[in-house]
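Scroll down for the structure; my scribbles are underneath it.
The numbers here are math on the coordinates, done by the rules we state, and not lab data. Quick caveat, the model's predicted, so the values are computed rather than measured.
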């Protein structure tokens, strides 16, 4: 009986941890973990700062771009994806992620930061809603990768 309890407790804990590690299909929620993974996989990191339940441009970008399999499949080939949400409905998550925003000097949402996979330095930041379609967003990402590689 103790073994079954231990097994169930471990399974529940694992599920809880994996749920906090992702924010939708293909998205992580921890920048440091993403940077470590990026180094191993030789991919850059894309971090989206969002207000999922109160920011109209954030909601629009999620509906048109970030939640689409076409986007995540294409972006995951070159980037580790991270979503840092600052939702009004989840006070604990908001408090935690406001600290992350301050650490990275992000003053508004929807903001996207790009980090290289070699040393984790930021090489570009932009307002996500400037590129409100999958094609425009992916084109901008490719342009930034090319620009970074030329530097």
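What the table below lists for this structure:
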| read-out | value |
| --- | --- |
| Dmax and Rg, reported as Rg then Dmax, of segment 21-121 (C-alpha, Å) | 12.9, 36 |
| Cα Rg, Dmax, segment 70-151, angstrom units | 13.9, 43 |
